[in-house]
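Read the structure below first, then the notes.
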Amino acid sequence: MTTDFTFQDRADKKKYVERMFGQIARRYDFFNHFLSVGFDYSWRRRAIQVLRSRFPNSPTSAGGGGRGVDSPAILDIACGTGDLAFESLTQMPGAQITGMDLAQPMLDLFAQKAAEKHLTITIEKGDVEALHYADNSFDGATIGFGTRNFTDLLIAFTEIHRVLKPGGVFVNLELAKPRAFPMKQLYRFYFDSLLPLVGTLFSRHNSAYKYLPDSLRKFPDLEALGEIMTKAGFREVKWETRTAGIVAIHSAIK
Ligand SMILES: C[S@@+](CC[C@H](N)C(=O)[O-])C[C@H]1O[C@@H](n2cnc3c(N)ncnc32)[C@H](O)[C@@H]1O
C-alpha cells in the first residue's frame, strides 16, 4: 500500500510541503511524540550533544580546550514548532537561536511555545534553498526531520555552508532506513501500512501520512547524504545511527 508522490517540479513540491505542514501544524507535536513512541526526545538530545561535541573548544572535540562555546549563534532550519531549538537552549542556555521555516502556522506555534517558556528566540519565515542571511553568520546550523522535505539537497546544503562561519558546525537529524533484520521489515510495515492507516483514522490531512513514507523511500542513504554534504563544501562529514538505524545524525564542519 504505497503511494507515489510525483511533483511537477521543485516549486510544486515546495508548495505542497508548505501547505501540508501548515495544515497539520496544530497536531504536529502530538503526532511527532506519538508516532515515535517518545523516542524523538532522546534523538533531539543526542543531535545537540553531537553539535556541542564538534565545536572547536568543546571538552569532547579533538584537541578541545575544555571551555566549551558559551553563546553560539545557532540557525535552526526547518525549525517547525521549535523542539530542536528548545533542546539547544537546554544544553546551551546562552545560545542565540534563530529558527526559520517555510510554514507560518508552524512558526506561530513555535512563537507561542517560546513565549510560554519565557525564551527569547528569533523566529522567521524563510526557505533553506535561498537563505536571507549574510555569509559567515552562524556558529552552528541544525535541522531536525526537515531535510526529507527539501527539493534540492545540494542547493540547501550549499546555502547552509555559506551562512556558517569558517569552523561552524552543521548537524542534520533525519529518519533513516534500518538495514538489518528484523527492524528493516518492521519499519517497512510501519511506514508503508500502519502509518497511512493511523493517518487516515486520526487525521483529516491523511495524505501527509502517505507523503511521509514516500519521502523516506526517495531519500538518499547514509553514504549518499554524506557525499552531498561534502559536495556542498563541508569537511569531516560523519554520521551515527540511533535506535537500530531508525534515525541518523550527520554532522560536518565548514
Ligand atoms: C517534520 S517538520 C520538523 C520540525 C522540527 N525541526 C522538529 O524537529 O520537529 C519539517 C519542517 O520542515 C519545513 N520545511 C520544509 N521545506 C522547507 C524549506 N525549503 N525551507 C524551510 N523549511 C522547510 C516544514 O515547513 C516543516 O515545518
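When restricted to residues that are touching a strand residue (DSSP E or B) at 6+ places or on another chain (Cβ under 7 Å) and either more than 26 Å from Arg46 (Cβ to Cβ) or β-branched (Val, Ile, Thr) (or both), region 134-151 contains 4. Right, Phe181: out of contact with any helix residue (DSSP H, G or I) (no Cβ under 6 Å at 6 or more places or on another chain) and at positive phi or not? The answer is no for Phe181. Summed over region 108-120, the residues that are in a helix (DSSP H, G or I), among the charged types (D, E, K, R) and in contact with a helix residue (DSSP H, G or I) (Cβ under 9 Å, 6 or more places away or on another chain) give a count of 2.
Looking at region 244-253 only, could you name the residues that are of a type in the set (A, V, I, L, M) and assigned to a strand (DSSP E or B)? Walk me through it before giving the result.
First, the residues of region 244-253 that are of a type in the set (A, V, I, L, M): 244, 246-249, 252-253.
Scanning region 244-253 gives Val247, Ala248, Ile249, Ala252, Ile253.
The numbered conditions (1) surrounded by fewer than 18 Cβ atoms within 10 Å (Cβ to Cβ); (2) in contact with a strand residue (DSSP E or B) (Cβ under 7 Å, 6 or more places away or on another chain) are all true for Ala85 except (1).
Here are the criteria: (1) outside any helix (DSSP H, G or I); (2) touching a Pro at 6+ places or on another chain (Cβ under 8 Å); (3) within 16 Å of the ligand (Cβ to nearest atom). Tell me which single one Gly167 does not satisfy. In the conditions (1) outside any helix (DSSP H, G or I); (2) touching a Pro at 6+ places or on another chain (Cβ under 8 Å); (3) within 16 Å of the ligand (Cβ to nearest atom), Gly167 misses (3) alone. Cβ-Cβ contacts under 6 Å between residues 6 or more apart (or on different chains), taken from a first residue in region 89-107 that is part of a strand (DSSP E or B) and within 9 Å of the ligand (Cβ to nearest atom) to a second residue that is of a type in the set (Asp, Glu) and modelled with pLDDT of 95 or more, are listed as Gly99/Asp76; Met100/Glu124.
Going by the conditions given, is Thr81 of a type in the set (Val, Ile, Thr), outside any helix (DSSP H, G or I) and within 11 Å of the ligand (Cβ to nearest atom)?
Values: of a type in the set (Val, Ile, Thr): yes; outside any helix (DSSP H, G or I): yes; within 11 Å of the ligand (Cβ to nearest atom): yes.
So Thr81 passes the test.
Cβ-Cβ distances below 9 Å connect the following pairs, each with a first residue in region 8-20 that is within 19 Å of Phe145 (Cα to Cα) and within 11 Å of the ligand (Cβ to nearest atom), a second residue that is part of a helix (DSSP H, G or I) and aromatic (Phe, Trp, Tyr), and a separation of six or more residues or different chains: Tyr16/Tyr211; Val17/Tyr211; Met20/Tyr211. Scanning region 223-243 for residues that are in a helix (DSSP H, G or I) and crowded, with 17+ Cβ neighbours inside 10 Å yields Leu225, Gly226, Ile228, Met229. Scanning region 108-127 for residues that are within 9 Å of the ligand (Cβ to nearest atom) and in contact with a Lys or Arg (Cβ under 8 Å, 6 or more places away or on another chain) turns up just one, Asp127.
Restricting attention to region 160-187, which residues are buried (at least 16 other Cβ atoms within 10 Å of the Cβ) and out of contact with any Lys or Arg (no Cβ under 8 Å at 6 or more places or on another chain)? Step through it out loud before you land on a result.
Within region 160-187, the subset buried (at least 16 other Cβ atoms within 10 Å of the Cβ) is 160-164, 168-178, 183, 187.
Within region 160-187, Ile160, Arg162, Val163, Asn172, Ala176, Met183 qualify.
Within region 190-220, can you find the residues that are over 18 Å from Glu18 (Cα atoms), of a type in the set (A, V, I, L, M, F, W, C) and modelled with pLDDT of 80 or more? Phe219, the sole residue that qualifies.
Filter region 152-170 down to the residues that are of a type in the set (Val, Ile, Thr) and out of contact with any strand residue (DSSP E or B) (no Cβ under 7 Å at 6 or more places or on another chain) and list them by number. Within region 152-170, Ile155, Thr158 meet the criteria.
Of all residues in region 128-150, count the ones that are within 13 Å of the ligand (Cβ to nearest atom) and either within 17 Å of Ala25 (Cβ to Cβ) or not acidic (Asp, Glu) (or both). Total meeting the criteria: 15.
The values are calculated or read from the model by the stated rules, or taken from the named source; none is laboratory data. Since we're looking at a predicted model, the values are computed, not measured. Every residue, glycine as well, gets a Cβ built from its backbone with ideal geometry; the counts of neighbours run over all protein chains shown.
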